[in-house]
1. Taking the condition modelled with pLDDT under 95 and among the hydroxyl-bearing types (Ser, Thr, Tyr), does residue 105 pass?
2. Of the residues that make up the stretch 97-115, is at least one in a helix (DSSP H, G or I), within 15 Å of the chain's Cα centre (by Cα) and outside the structural domain of residue 64 (by TED's automatic domain parsing)?
3. Quick check on the stretch 66-74. Is at least one of its residues of a type in the set (S, T, N, Q) and in contact (Cβ under 8 Å) with a residue 40 or more places away in the chain?
4. I'm told residue 164 meets every condition in (1) assigned to a helix (DSSP H, G or I); (2) touching a Pro at 6+ places or on another chain (Cβ under 9 Å) except one. Can you identify the failing condition by its number?
5. Taking the condition of being surrounded by 18 or more Cβ atoms within 10 Å (Cβ to Cβ), outside any loop (DSSP other than H, G, I, E, B) and of a type in the set (Phe, Trp, Tyr), how many residues in the stretch 13-31 meet it?
6. If I filter the stretch 206-241 down to residues being loosely packed, with under 12 Cβ neighbours inside 10 Å and more than 19 Å from residue 176 (Cα to Cα), which single residue comes out as modelled with the highest pLDDT?
7. How many residues are in a loop (DSSP other than H, G, I, E, B) and either charged (D, E, K, R) or farther than 16 Å from residue 156 by Cβ (or both) if we restrict to the stretch 238-277?
8. Which condition from (1) without any contact (Cβ under 8 Å) to a residue 40 or more places away in the chain; (2) touching a helix residue (DSSP H, G or I) at 6+ places or on another chain (Cβ under 7 Å) is the one that residue 109 breaks?
Amino acid sequence: MGERKNLLIAGDDLKFIRPLFPYLENKFKIRIDRWNGPEGHDRDRSLSLLEWADIIHCEWLLGNTVWYSWNKLPQQKLTTRLHFFELGREYGRLLKHDAVDSYITVSRPMLERAISEFSLPRNKVKSIPNGIVKPDNLTVDHGHERMKSLAMVGAIPARKGLHRNLRILHELKKYDASFTLAIYGPTPSQVDWVWTDDYQREYFENCATQIEKTGLKSSVSWRGWCEMTEEYPKIGFVLSMSDEESFHVALVEGAFNGAAPLTLPWEGAHWTHPDFVIKPGTDEIVKTILKLQDKEEHRKHVEAACSAYQHYEAPFVANKLIDLWLQ
């Protein structure tokens with residue numbers, strides 16, 4: 001194996017790329033320029049890391065990409081990966097486009113939206129999905145508690161559709177009172193920009209009222225930040241009730257860990273998820289969850305999802321990034 005190149009990864013939130021590090025380290029020496037939010041960073045540290053790097057990858061197209069596009073050296077390769085948060089923000093219009101070698105999006109619909117919104121050159125935009133670690137030799141416990149456990153991984157902002165999850169839970173409890181909903185991630189009041197936004201705050205206050213009025217208080221729990229690999233074995237169903245998404249990693253992670261994924265047909269869902277995982281509305285989601293109470297049906301659903309998601313497995317995705325950075 002030849003000398004490994006120096007790969008600098010810059011960004012605030014690295015949760016989507018960190019699982020790929022064990023595979024990337026076979027080809028690269030990796031250092032991290034950890035940013036504080038979209039724009040905050042230690043400029044002296046960034047300059048020092050810049051001198052070291054052969055390749056710079058900015059995770060999320062935010063202030064990190066803008067800064068590196070204006071400061072990178074001519075011989076260095078610069079890539080950036082967009083998820084969803086970047087849409088509607090100005091960073092994609094502030095960077096030096098000529099300095100960016102490749103823009104990476106996590107799905108084909110995001111590719112088209114990014115090109116349209118930021119006038120990106122199509123020949124520089126690639127679609128490479130999120131890479132998810134699949135456990136070895138997974139065995140699924142179909143115990144009663146797990147089969148009655150629904151999960152929402154990330155309820156913020158309002159577009160994530162918490163109210164729909166609550167509607168599903170309320171309907172399911174008409175059939176079996178033991179159904180529960182676990183919500184992972186921070187509560188709305190823990191996120192300043194949500195709690196100070198009138199629309200967002202009113203939405204989540206209405207959800208709290210919905211919980212009270214429908215008698216769901218004892219069946220809904222906010223779990224906060226958790227190590228999801230430890231949580232998925234407790235979860236029977238992972239739900240995506242969003243208005244829109246770019247990918248929604250939790251559905252794939254859930255399937256890889258034995259939880260049945262189910263989603264509404266948000267724009268682009270059919271590019272990312274198999275048809276049998278996508279349902280037209282909450283009524284159909286309720287019917288499917290009840291059908292999948294049969295353990296054999298649940299097993300077949302999860303196995304079929306894992307098969308459909310195999311091209312999202314971390315080694316496969318890491319190789320796509322390696323090829324892009326070394327070409």
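The values are calculated or read from the model by the stated rules, or taken from the named source; none is laboratory data. Keep in mind that this is a model prediction, so the values were computed, not measured. Glycine also receives a Cβ, built like all others from the backbone with ideal geometry; neighbour counts cover every protein chain displayed.
1. Yes, satisfied.
2. For the stretch 97-115, residues in a helix (DSSP H, G or I), within 15 Å of the chain's Cα centre (by Cα) and outside the structural domain of residue 64 (by TED's automatic domain parsing): absent.
3. Checked the stretch 66-74: no residue is of a type in the set (S, T, N, Q) and in contact (Cβ under 8 Å) with a residue 40 or more places away in the chain.
4. Here residue 164 clears every test but (2).
5. So the count comes out to 2.
6. This residue is 209.
7. The total comes to 14.
8. (1)
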